Amino acid sequence: MDPNTGPAPTNPTRLNQPAFLLNPPFSLSTEVPNNIWMEELDPAERACDPSRAMAQFTALYRHLAAESLVYLLPTPRSEGLQDLVYTANLGIVLEHLPDPATVVISNFTSAPRRGETEVGVRFFESMGYRTAVPETRFEGEADLKHLHDNVYVGGYGLRSQRETYEWLERTYDMVVVKLAATDPYLYHLDGTVFPITTEQTLVCTAKYEQDELRLLEKHTEVIDVSVDSAYSGLCNSVRLNNTIINSSDVHDLRAGSEDYQKEVQKNRELEDIAANLGFEVVLLNINEYYKSGAMLSCMVMHLNRNSYRFKLL
């Protein structure tokens, strides 16, 4: 019997290949600054270039779609959903459950994003998923990362609440290692934490208390990331099988400038980590989205984590 035959998957989480959710930037806007990166930009500097944003989005889509199924979240209207393109904040698929068809949809702290909750519920329910929205604040897989089995790591204090993770633990038989976020420039967990394999996690350890790090180390090998590289988006990576995808605008920066040096340092640090673990690195320029205070991982929601099943040499 062909091992690839069997019941057809009823949703993308059950596929035997990676699957992601993206949203084309039809409603992208930076009109309302809702993080410190945006607040520090002059409104003229912050203005979006729609053509450039779409071209950079398409490059990301093409790269992911070469080795995975990429769903596109419909944009129900062009106004009032300025951050819908950042699907990592929309929710999280709970893959540890025996029937992986539950999505916890975000209850946003950021006021301009609250309209996304209804969009997420409608979309996932139309796909046959069960949805739940916590009563307390929660901003999706940008703040909650799956490590392995029923173990997750969650950031709390700035955009998501600790009480949300306690509710998840009670409701869905999961363990959430909780890390207090305190740096407004790293307001989501994905700025400081990136599970790179099921056994190893990149962490900017300087941003967390030792007692919380010790709890995390019980579940994963922690690989330290420098503070400068965290600010430059090293942890905002996405794994696609044996490739780590990260954003870099190094070729748009003036050689020798401070920003250029920091970007080169980040890229080298990521390449060294990846080489030690047997990964390749792909760098894509999405700097139009930096105007929203966003990095690459913000644009990608995992519908499954099958990339983590890929066996490295």
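The values are calculated or read from the model by the stated rules, or taken from the named source; none is laboratory data. On a predicted model such as this, the values are computed, not experimentally measured, just so you know. Cβ sites come from the backbone with ideal geometry, for glycine too, and all protein chains shown count toward neighbours. Ligands, DNA and RNA are stripped out before the accessible areas are found, and what is left, the full protein with its side chains, is counted by its heavy atoms. Shrake-Rupley method; radii C 1.70, N 1.55, O 1.52, S 1.80 Å.
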Please list, by residue number, every one of the GluC sites (Glu not before Pro) in region 248-287 that is coil in DSSP and has at most 12 other beta-carbon atoms within 10 Å.
none
Is the C-alpha gyration tensor of region 114-156 telling us rounded, prolate or oblate? Criteria: a/c under 1.5 is rounded; beyond that, a/b larger than b/c is prolate, otherwise oblate.
oblate
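Can you tell me the accessible area per residue over the chain, all protein chains present, probe 1.4 angstrom, in square angstrom?
Each residue of the chain exposes 44 Å² on average to a 1.4 Å probe.
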Using a 7 Å offset from Cα along Cα-Cβ at E67, what residues in region 236-261 end up with backbone N under 19 Å from the label point?
236-248
Members of K145/K311; K207/K311; K178/K262; K178/K291 lying beyond 27 Å, as alpha-carbon distances in this model show
K207/K311; K178/K262; K178/K291
Which label marks the calculated value of Rg/Rh (Cα atoms, Kirkwood Rh), given the options [x] 0.94; [y] 1.31; [z] 0.96?
[x]
Residue span L312 to D211: 0.36 nm per residue of separation minus Cα-Cα distance leaves a gain in nm of 33.2 nm
Set Lys and Arg Cβ to +1 and Asp and Glu Cβ to -1, take the dipole of the chain about its Cα centre, and tell me which of Y260, S237, G140 lies farthest positive.
G140
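Looking at region 1-85, which chymotrypsin sites (Phe, Trp or Tyr not before Pro) are in a loop (DSSP not H, G, I, E or B) and have at most 13 other Cβ atoms within 10 Å?
none
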Quick check: net charge around G128, other residues with Cβ under 14 Å of its Cβ, Lys/Arg +1 and Asp/Glu -1?
+1
Just to confirm the filter: which GluC sites (Glu not before Pro) across region 128-160 are DSSP coil and have at most 10 other Cβ within 10 angstrom of their Cβ?
E135
What number comes out for the charge environment of N11, summing +1 per Lys or Arg and -1 per Asp or Glu over other residues with Cβ under 13 Å away?
-1
Quantify, in whole percent, the carbon and sulfur part of the accessible surface of region 225-265 (1.4 Å probe; protein heavy atoms only).
42
